[in-house]
RNA sequence: GCCGGUGUGGCGAAAUGGCAGACGCACAGGACUUAAAAUCCUGGGACCAUAAAAAGUCGUGUGGGUUCGAGUCCCACCACCGGCACCA
């Protein structure tokens, strides 16, 4: 009964509304009372902001499991803590509501995905609200709201109408693009412009998943299978929308140093971006009919120092020079191999990876450093999409080249001497000393690289360069339940298709109503079924792809700032206040908590969008999320990952019925460090439930509670919160001054809880409160002031119980006006109250503990040494030995070194 | 293969280089009760010893090292978890 009472009260008061600059603050709101502000105030008049964000959930039909509320509880505790510390706390919640399950359900039943989505959101809302989180629900958003995805489409237009200017090193409006001299006609300029946009169309082979009926981004393909569902993925050439995230590779990498994320997460992003420094080198093709300028093959290598050891070259089967250099004799074999490589699915490519394959083209290239003719092969171990799609093979010092050379009997020439004479040079890939390498002989690898790169540059044969593994982001999906692209397709006079953006005034572009959500018979996306929608009066066609689920989650944290703004995706002043940096506030989101599964997808995409918006002057920080913490997985009671098939899923609803939200919250935090994975144990919930019971019994008079229980069982109205008034406080609670011992217990607890919350050590904070309660239970009288301070510490963890007891305690305080607990100023500890007069000092002999002595705090080093040496438990260990040295750390320990 | 992380009682865990195991679960014993539940109190790393204790020895994945002193720092190895993986 306590929990619904307070949840209702918080709702009615809008207790956790976060106020924007310029927003009307009701004088009756506790925030106004705490900070002495009311009415509309400027950003400068508001207290410093604290933006604490959860990764918003996908509202699935299954509802919450116990993993979701772990992060939410942690952020809620900190939100409440920061509120008590006097911050203006922004703590919002919303829904990542586009997605496949609702669409698949629609395909099966014909029910509109929106209906399914709304039902699921309602269920999630109920579950989340039952946990007593202090979200500002007035800012709730769903990515599927028309008013939300209008702005998602708007941001897409920003990307579409921007290009990355390498000279200024940032994105700029497409209008600033200068055309080359030979770009004259409208069509030429359009083609040039379209090729530069941050959102562009590509015809490249994509990851097609037949089972899901859609393409997937590289990041969504794991081991040749779809991340969702584990279905096979094949490569298929298709026309697709791409986002030029590669233009931001360097910034995405470099700015990791400016944010407070875990090392492992940063490392994952670094690996994904995959920067590598090296050189591009041109190899002339021997005896070639092509014009001299075109008759060369450019390769990328991180080991230019091994150039003397390049004994053959390999092109990817898709390389554009392959048809031109292949000799008549090899034509058939090369064609066959190309077909073989093209039809292989990604999965097969991975499986066949162990065995190298390839075909000789019949052509030769000239090694620029020694003029030797080396054969040119094609092989699928060289990827078309990385570097230049061609390599120089140095079998002696590259594992893959070595395997290939062994299989096809190609020559292997040593050019690096391993530093350790024992190591075989064949297949040695680390740094060493250059040998058999002409003018770089004798140089260690780093110097050899430098010297030969400089030599290549001087001769015009090559230059230093940087490559990234990161690929552009495949941004279109063949789905119904996603944001439609605000794009139309037209034909020019010559009959060529081209695309054009809708004007901003045409937003939002709604998806059409459909009877059938399946793709069309000829493989077109479901939107193509809506012929009325598809065809515009002027003969142009709408784009039928939709955006991926990531689109909505790329910027939701910005919409929360100003969720009901109809004029802009976010107001400028509002954005500046919540994301801005000051002496006390961090730039961007102060704390973002979510699962590690989004390490490279969501977090990379969102950073990319944010950087584009930053370049375009739409937001004020270069990074969206200043501090990020990944909560660990909660495993089932069997220590296995929770899953339906294992039958070890714990439903929070069941725990709530049995133990209540406060115990649930407390247990989730008490299990262990937030970042660690740990198994669920319902018995553990009982432990913290017992603790809350002890808190309750410390405060409450037993007789009155019995009366309440009787009244409750006979009451007709189960939600009659007034019955709670029957419960009286324990007679031992009095408005009297606290004793020194009581103050010491309290302030020890305040110190520990405060420090632990600052460091996000929730489990040890709870244990400190347990220690305090055990202590307080022994007291004959409990001063109101001490218990009130304790309730303030407890409030972030167990807000319902704390509020109820607080409200009763306030009545007992003579004359003091009732303060709203969530806005009561966080207690400060007084270090002077914590000092002991007599302390215990361990005494060691040769590092082993032999006794513990009690001494005055003020005992000097000399006194401690004397006490330790004559200690009777220490004496036996000194017998027959010389005391060589005595280490004395006043207030800490004594260690006697004796031999 | 490469990168990152983690190894502490029966279990979840705690410990600025300074008394290892706080707090909690489970367990055992006791109090209250006709009884049970709830609650309260007590105990608890292992070994050795003992009627019981005290004392003692060992103990933080393994093996070395640094230090007066190591769960904590360094080196090597093992196991598990996560990520990447023909990226030249």
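Each reported figure results from applying straightforward, stated rules to the coordinates on display, with no laboratory input. As the structure is a prediction and not an experimental result, all values here were calculated from the model. Every residue, glycine among them, receives a Cβ derived from its backbone with ideal geometry; neighbour counts consider all protein chains shown.
Between residue A:498 and residue A:178, how high is the FRET efficiency from 1/(1 + (r/R0)^6) when r is the Cβ-Cβ distance and R₀ = 25 Å? Nearest 0.05. Could the numbers behind the result be given before it?
Working: r = 21 Å, r/R0 = 0.83.
Calculated value: 0.75.
Dimensions of region A:546-620 along principal axes (Cα, Å, largest first)?
On the principal axes, region A:546-620 reaches 32, 30, 23 Å in Cα extent.
Going by a ≥ b ≥ c, the root eigenvalues of the Cα gyration tensor, does region A:430-471 fall in the rounded group (a/c under 1.5), the prolate group (a/b larger than b/c) or the oblate group? Walk me through the numbers on the way to the answer.
Values: a/c = 3.15, a/b = 1.38, b/c = 2.28.
Verdict is oblate for region A:430-471.
Please give the helix A:799-812 orientation as an angle from the longest Cα principal axis of chain A, in degrees from 0 to 90, rounded to the nearest 10.
30 degrees
Which percent, nearest 5, of DSSP beta bridges in chain A are antiparallel? Before the final figure, lay out each step's value.
Working: 75 of 98 bridges.
Approximately 75 percent, going by the DSSP bridge assignments.
For helix A:2-13, report the angle its Cα long axis makes with the longest principal axis of the Cα atoms of chain A; keep it between 0 and 90° and round to the nearest 10°.
Value to nearest ten degrees: 70.
According to the Cα gyration tensor, what semi-axes, each the square root of 5 times an eigenvalue, does the equivalent ellipsoid of region A:276-467 have, listed from largest to smallest in whole Å?
So the three semi-axes of region A:276-467 are 27, 20, 15 Å.
Take A:562, A:590, A:654 and order them by how many other Cβ atoms sit within 10 Å, fewest up front.
Neighbour counts put them in this order, fewest first: A:654, A:562, A:590.
In Å and whole numbers, how far do the C-alpha atoms of chain A stretch along each principal axis, longest first?
103, 93, 53
For chain A, calculate the relative contact order in percent as a whole number, restricting contacts to Cα pairs under 8 Å that are 6 or more residues apart.
13 percent
Could you list A:714, A:860 so that the one with the fewest beta carbons within 10 Å of its beta carbon is first and the one with the most is last?
Listing A:714, A:860 from fewest to most nearby Cβ atoms yields A:714, A:860.
How far, in nm, would the chain grow between residue A:451 and residue A:186 when pulled straight, counting 0.36 nm per residue and subtracting the alpha carbon separation?
90.7 nm
Sorted by average packing, counted as other Cβ atoms within 10 angstrom per residue and highest first, what order do A:484-497, A:689-702, A:297-310 take?
Numbers: A:484-497: 14.6, A:689-702: 17.1, A:297-310: 24.4.
Top to bottom by mean Cβ count within 10 Å: A:297-310, A:689-702, A:484-497.
Taking only C-alpha pairs under 8 Å that are 6+ residues apart, what is the relative contact order of region A:599-689 in percent?
29 percent
Helix A:784-794 versus the longest principal axis of chain A: what angle, 0 to 90°, nearest 10, using Cα atoms?
Roughly 20 degrees, rounded to the nearest 10.
Could you work out the helix-only [θ] at 222 nm for chain A, with each DSSP H run of four or more residues adding -39,500 (n - 2.57) and the total divided by the number of residues, to the nearest 500 deg cm²/dmol?
-10500 deg cm²/dmol
Please arrange A:732, A:620 by counting, for each residue, the other beta carbons lying within 10 Å of its beta carbon, fewest first.
Ascending Cβ contact count within 10 Å gives the list A:732, A:620.
If packing is taken as the average number of other Cβ atoms within 10 Å across a peptide's residues, how do A:42-54, A:777-789 rank, most packed first?
Ranking the peptides A:42-54, A:777-789 by packing returns A:42-54, A:777-789.
Viscosity 0.890 mPa s, temperature 25 °C: give me the Stokes-Einstein translational D for region A:836-898 in µm²/s, with Rh taken as the Kirkwood radius over C-alpha pairs. Don't jump to the answer; show the numbers that get you there.
On the way: Rh = 11.4 Å.
It diffuses with D of about 214 µm²/s by this estimate.
Quote the FRET efficiency, to the nearest 0.05, computed for residue A:597 versus residue A:439 with a Förster distance R0 of 35 Å and r equal to the Cβ-Cβ distance.
Computed FRET efficiency for residue A:597 and residue A:439 comes out at 0.10.
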